[in-house]
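Notes follow the structure.
Values in this text are rule-based calculations from the coordinates and carry no lab data. Note that this is a predicted model, so its numbers are computed, not measured. So basically every Cβ, Gly included, is an ideal-geometry build from the backbone, and we count neighbours across all protein chains shown.
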Amino acid sequence: MVGELIGYVGKGLTLALVGLFLSIPAQARLLDIFQKYQPEVVVSDPYIEMHTGPGRGYPIFYVAGQGDRIEILKQRTDWFKVRVPRGQHFKEGWVHVNQMRHTLDLEGNEIDFGEIVLGDFARRRWEMGLNGGDFGGAASITGYLGYALNEHITLQLEATQILGNFSDGLMGSANIVMYPFPQWRVSPYFTIGTGMIETKPHTTIVQAEDRTDEIVHAGIGANVYLSDRFILRMEYKRHTVLTSRDDNQEIDQWKAGFSVFF
Amino acid sequence: MESRIQRIFLVLAVGAAWVSPGAFAATDPNELELEPLVVREPERRKVDVDKLDKENFEFGVLAGLMSVEDFGTNTVVGARVAYHVTEDFFVEGQYGRTTLGETSFERLSGGAQILTDDERDMTYYNVSVGYNIFPGESFLGRGLAFKGGLYVVAGVGGTNFGGDDLFTINAGVGYRLIATDWLAFHIDVRDHVFETDLLGSRETKHNIEFSGGLTLFF
């Protein structure tokens, strides 16, 4: 078993090394073609602080002064990696967006460092999210992707895994979601859709068969805008499973989760 | 005569210097590095923050050991992708696979098998939220400082165990050592918890995974 582990680690390392080897020339080639966007800005406050890493836990190791030209290399979360010339050399460090707001472009104009606000949800194109909850007594985990036709109507594809004590299953569906008030912080919505559900009884259940059924559903829910691109989403759905037996089966689903929009 | 020999050496030396200017210029490496910076024209355009290179995704592989309750400890391999929402929070998806060993019952009974070979492959996936609790620099000896920090994660997912998909809660703690801007190493300990009645009665099973990993930031 230890041998097997060493084998895996060896394979992993080889793969990683090959990956590194391939990525270096690839990056260089990309640079030639695309020439990364690394604009220069000027510090307008008395100073801005540069940290060794993209987080407040990393120490400040250098301070760029008013009038210094700094080059923005890249961004991670709210932090910007910058390069500041210093004599014959230069310093590279990370600056928080709150301090970057005190820089100007080379013509002296203010720069829009972008803040996503509530109103941006109405202008979204894509939204996606993950949520979990209860599906007729079983646990359910759902991922979805939505495309906004306009600010009120979104087309949505959903995949759900259902994990119960006696069976598990997969459900895929297509929905239409309607947001009557997309600009509200707590925004209600309605949804209808249809799809397929596959139910697989557990191996400990005797003489039960897998089955696949059509399903239709209607639901109601609400988005709560949190901040930036993030939404808390809660939903209730009533599913009707169109079984091959005499009676259709009704299933209630409650779920909650997080979504992002772009 | 002596002065002529000196002159020959002088000519040779000057000639050598002249044909390999790089050898002398290279004595000041900083000058070489700075050259493109000085030559380049500043871009006199409006700054568009949206066009900056954003590196919020982390993608990587992991390998380690996973102890599955009643089924022994085996190697686990997996992949993970994380999106850093803020400097504190990230969301992460992980997929892993391991094999199940024999239970003590199977070994002692001599021949009785609870699971088929196919069912001995165990896979899991989960979606978790992570929080960086002690971000900062860590020190090794006097001269080495590493960026990184401890994080805690918790989430939900599914485990394919003995042929059934089971709802699984996972929670754990890890250390991320950031080697460069784009490369990080991980050490993780996670507990995957699910309920099963495979061995008779319904029981909660704790399955501890210990892994090391390597991730790239995009």
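Some points to look at:
- Peptide B:83-92 - average C-beta neighbours from other chains (10 Å radius): 4
- Within 10 Å of each Cβ in A:200-206, the average number of Cβ atoms from other chains: 4
- Order by protection proxy (mean Cβ within 10 Å, highest first), peptides B:208-217, A:242-251, A:121-130: B:208-217, A:121-130, A:242-251
- Computed about the Cα centre, the dipole magnitude for the stretch A:119-261 is approximately 600 debye when only Lys and Arg (+1) and Asp and Glu (-1) carry charge, each at its Cβ.
- Taking label points 7 Å from Cα along the Cα-to-Cβ direction, B:ASP88 and B:VAL152 give a separation of 1.3 nm.
- Mean Cβ neighbour count within 10 Å, used as a protection proxy, ranking B:182-189, A:164-171 highest first: A:164-171, B:182-189
- Phi to ³J(HN,Hα) by Karplus 6.51 cos²θ - 1.76 cosθ + 1.60 over the stretch A:107-123, Hz, x for Gly, Pro: 9, x, 8, 5, 10, 8, 8, x, 9, 7, 10, 3, x, 5, 4, 5, 9
- Neighbouring partner chain Cβ atoms per residue of A:69-77, average, 10 Å criterion: 5
- Here the calculated FRET efficiency for A:SER44 and B:PHE185, from their Cβ-Cβ distance with R0 = 56 Å, stands at 0.90, rounded to the nearest 0.05.
- Within-15-Å neighbourhood charge of A:ILE176 [Cβ basis; K, R +1; D, E -1]: -3
- For A:TYR189, distant residues with modelled amide H under 5 Å away: A:GLY221, A:ALA222, A:ASN223
- With Cα atoms defining each centre, the stretch A:56-70 and the stretch A:213-262 are spaced 48 Å apart in the structure.
- Residues considered: A:LEU226, A:LEU73, A:LEU118. Largest GNM mean-square fluctuation over chain A, using C-alpha springs under 10 Å, is found at A:LEU73.
- Each stretch of four or more DSSP H residues adds -39500 (n - 2.57); spread over every residue of chain A, this sum gives -5000 deg cm²/dmol at 222 nm.
- Euclidean distance of C-alpha centroids, the stretch B:103-145 and the stretch B:159-176, integer Å: 9
- Taking label positions 7 Å along the Cα-Cβ direction at both A:ALA218 and A:LEU145, the computed distance is 2.9 nm, reported to one decimal.
- Kirkwood-type hydrodynamic radius, the stretch B:56-217: 16.8 Å, calculated from all non-identical alpha-carbon pairs.
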